[in-house]
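Have a look at the structure below, then the notes.
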Amino acid sequence: MKNPLWAYIFGPPKEKQSMIELLKELPVFDGFSDRELVTIERIIHQRRYNAGEMVFGEDMLGAGMYIVKEGEVAITKKIDEDKEIELALIGERNFFGEMALIDEMPRSASAKANKDTILFALCKPDLENMMERNPKVAATIITNIARLVCKRLVQANENLEVLEKKLSSKEGSSDK
C-alpha cells in the first residue's frame, strides 16, 4: 500500500509529470510553477471520444476548454442547412474552446473527433471554484486566455484587411 504522505517526495509520478509537461507547453498556462500546475492538473478531467463523435455542437452552451492529449478534433461551422466548413484541425498538444471559460455565450462552432481521441477538459465550474480557493492561479488562467483572444482578434483584423484589399483589387480589375 502506498503512503500518500510520501507520494511526492521524489516528484510526481510519470503520468502526472507528462500532464504537467503538456500544460507547460500551452499558452493558457504560461507563468505557472510546477506546484501551481499540479493544482491545475487536479481539476482537469480526461474524456475519450470515438472517431466521428461530437465533443460539442454549434450553439450549445460552452462548459469549458479542451486539450488534445491524443487524436484530432475538427472544428466546423454550419454555413447553411446542408453545408458546413472546416475551420481548423486541432491536433495533439493543442487546445480549443477556451472562450467558454470566460463567456457564457453559445459555442460558435462544432467540435468532432476525427479519430479516437483523448481530451483533457478544464470545466468552467472547476475554474470558478478555483477562484475561491486559489484566486491568483484562476486569475492568471483568465488573463492568459484574454491575451490569446486579443492576439486572435488582431490576426482576424489583419486577415480581414488582406481580404478586403484582394476583393477591392478584383473589383477594380473587373471594371476595366
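See the values below:
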| read-out | value |
| --- | --- |
| Integer Hz, Karplus 6.51/-1.76/1.60 couplings in order for the stretch 65-71, x for Gly and Pro | 9, 10, 10, 7, 7, 9, x |
| Relative contact order of the chain, pairs being alpha-carbon contacts under 8 Å that are 6 or more residues apart, as % | 25 |
| Neighbour net charge for ARG93 - beta-carbon separation under 11 angstrom, K R +1, D E -1 | -2 |
| Ordering of 126-133, 91-98 by packing [mean C-beta count within 10 Å, highest first] | 91-98, 126-133 |
| Given charges at Cβ of Lys, Arg, Asp, Glu: the stretch 10-113 dipole, positive-most of THR76, PHE95, PHE56 | PHE95 |
| Rg ratio (alpha-carbon, reference 2.2 N^0.38 Å) - the stretch 45-122 | 1.02 |
| Distance between the stretch 49-106 and the stretch 120-154 - C-alpha centres, whole angstrom | 18 |
| Summed residue charge, Cβ within 11 Å of ASN50's Cβ, Lys/Arg positive, Asp/Glu negative | +1 |
| Over the chain: helical MRE at 222 nm, DSSP H runs n ≥ 4 each giving -39500 (n - 2.57), nearest 500 | -13500 deg cm²/dmol |
| Whole-number D in µm²/s for the chain (Stokes-Einstein; Kirkwood sum over Cα pairs; 10 °C, 1.306 mPa s) | 87 |
| Environment charge of LYS115, counting only residues whose C-beta is closer than 14 Å and scoring Lys/Arg +1, Asp/Glu -1 | -2 |
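Where a number appears in this text, it was derived from the coordinates with a stated rule and is not lab data. Quantities reported herein were computed from a predicted structural model and do not represent experimental measurements. Every residue, glycine among them, receives a Cβ derived from its backbone with ideal geometry; neighbour counts consider all protein chains shown.
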